[in-house]
Amino acid sequence: MSRRAFGTALVVLMTAIMTQPAAALAQEQDLFDAVVKDHPASDVLSRVFGKSATQPASFKPTGMSRKDYLALIAGNVDFFWNNIYLFPAITVFTFVEIVTVSTAMLALSSLSNSSRYVGILYAALLFFSQALFGVLRLVTGDTRLSWISVPFDLNQVGDAIFRLPLRYDTPWPLSLAVLLLLVVASGLVLERRVRGVEVVA
């Protein structure tokens, strides 16, 4: 095939590709006009979406360019990138909280068949530790002993994960160590209390 014939075929192909969407668009516009013709709001719909759609007389351009719009959304983009750490922080803290609370509850549940007794033990683990810290804080005048309370340990670790100022004087690694110790202790209790059952087919 010569270059001229190839060029002619290419032009014909490009023309067919470009004219086909235009023809389809014109057909869709005719169908739209036929459907909207009997609509109660045909005047408004035709003025906005019809072939002769024009701007209203009261329309005034703002004169804003693409650069102006980019400047408007720049603050949102900067906020997203400056706080992108929140996604892994939420995931990590949620994992720490769920593992700590669930293992402690399972360990306490394995100690008794009474749900009321287990509930009392769990409430004592949470509220008694908080009350004990409150008394020690009143006596000592500082918050370095907040590690004895599991909820306060979670608060301290959460503040460290989310890069917030620590609310207690306890180092957050110590609070994390207490939570890990609680998980390990709960695992040991579960290992001793929960016995495996062999299923014989």
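Observations, loosely collected:
For (1) over 30 Å from ILE84 (Cβ atoms); (2) in contact (Cβ under 8 Å) with a residue 12 or more places away in the chain; (3) touching a Lys or Arg at 6+ places or on another chain (Cβ under 9 Å), each residue gets a yes or a no:
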| residue | (1), (2), (3) |
| --- | --- |
| LEU125 | yes, yes, no |
| PHE128 | yes, no, no |
| ALA131 | yes, no, no |
| THR140 | yes, no, no |
| LEU145 | yes, yes, yes |
| PHE152 | no, yes, yes |
| VAL157 | no, yes, no |
| ARG163 | no, yes, no |
| ARG167 | no, yes, no |
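- Residue check for VAL35: at pLDDT 75 or above and assigned to a helix (DSSP H, G or I): no
- Summed over region 142-175, residues that are in a loop (DSSP other than H, G, I, E, B) and surrounded by fewer than 19 Cβ atoms within 10 Å (Cβ to Cβ) total 12.
The values are calculated or read from the model by the stated rules, or taken from the named source; none is laboratory data. Small disclaimer: the values here were computed from a predicted structure and weren't measured. A quick note on method: Cβ atoms are made from the backbone with ideal geometry, for glycine too, and the neighbour counts reach across all protein chains shown.
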